Amino acid sequence: MRSLRTIALVLAGAAATLASSARHASAAPRQVVRPTQLTQAPMLRHVVLFAFKAAATPADIARLKAAFAALPKRIPVVRGFEWGTNVSPENLANGFTHCFIVSFADAAGRDAYLPHPAHTAFVAMAGPFIEKALVVDFVSTP
């Protein structure tokens, strides 16, 4: 019986300590980390927007997305890749529905990527399905 009482007292003490720590932690000011603080060095971002032709089927678009997403594995200078579809409520997309961001350490990486056979093959494959494309490159500022 005595050991159960001891265990109960230890558990109660631990619970009180945790509750006290939680109160003090929530009262402490939070430090906001801005996304730019997460990036240690500037990178060249290659932003590609696509508006697909009306004849492009969902299967065509899925095949193109998969082919674009496969490029980083085939082209060693690519440092990052992400993509998404437009979700802006502003109605300013001008028909562009898909955004792809390819990151490079520097302009030399981008310059090696553009004529790379895997990239040029992707461009040739995508061309018949693209109504219009927009490409913007920028150097990120940490």
Counting just the residues of the stretch 86-121 that are surrounded by 12 or more Cβ atoms within 10 Å (Cβ to Cβ) and of a type in the set (Val, Ile, Thr), which one comes out farthest from Ser140 (Cα to Cα)? Thr97
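Of the residues Pro58, Pro76, Pro42, which single one is open to solvent by 60 Å² or more (accessible area, probe 1.4 Å) and either under 22 Å from Pro142 (Cα atoms) or touching a Leu at 6+ places or on another chain (Cβ under 6 Å) (or both)?
Numbers: Pro58 fails: either under 22 Å from Pro142 (Cα atoms) or touching a Leu at 6+ places or on another chain (Cβ under 6 Å) (or both); Pro76 fails: either under 22 Å from Pro142 (Cα atoms) or touching a Leu at 6+ places or on another chain (Cβ under 6 Å) (or both).
Of Pro58, Pro76, Pro42, the one residue that is open to solvent by 60 Å² or more (accessible area, probe 1.4 Å) and either under 22 Å from Pro142 (Cα atoms) or touching a Leu at 6+ places or on another chain (Cβ under 6 Å) (or both) is Pro42.
Farther than 16 Å from Val47 by Cα and among the aromatic types (Phe, Trp, Tyr), is that true of Phe122?
On the way: farther than 16 Å from Val47 by Cα: no; among the aromatic types (Phe, Trp, Tyr): yes.
No; evaluated as a whole, the condition is false for this residue.
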Among the numbered conditions (1) closer than 11 Å to His46 by Cβ; (2) free of Cβ contacts under 8 Å to residues at least 24 places away in the same chain, tell me where Gly84 comes up short. (1)
Of all residues in the stretch 122-142, which are open to solvent by 40 Å² or more (accessible area, probe 1.4 Å), outside any strand (DSSP E or B) and not small (Gly, Ala, Ser)? Val123, Met125, Pro128, Phe129, Thr141, Pro142
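The values are calculated or read from the model by the stated rules, or taken from the named source; none is laboratory data. Since the structure is predicted, the reported quantities are computational estimates derived from the model, not experimental observations. Glycine also receives a Cβ, built like all others from the backbone with ideal geometry; neighbour counts cover every protein chain displayed. Please note that ligands, DNA and RNA were not included when accessible areas were found on the heavy atoms of the full protein model with its side chains. Shrake-Rupley method; radii C 1.70, N 1.55, O 1.52, S 1.80 Å.
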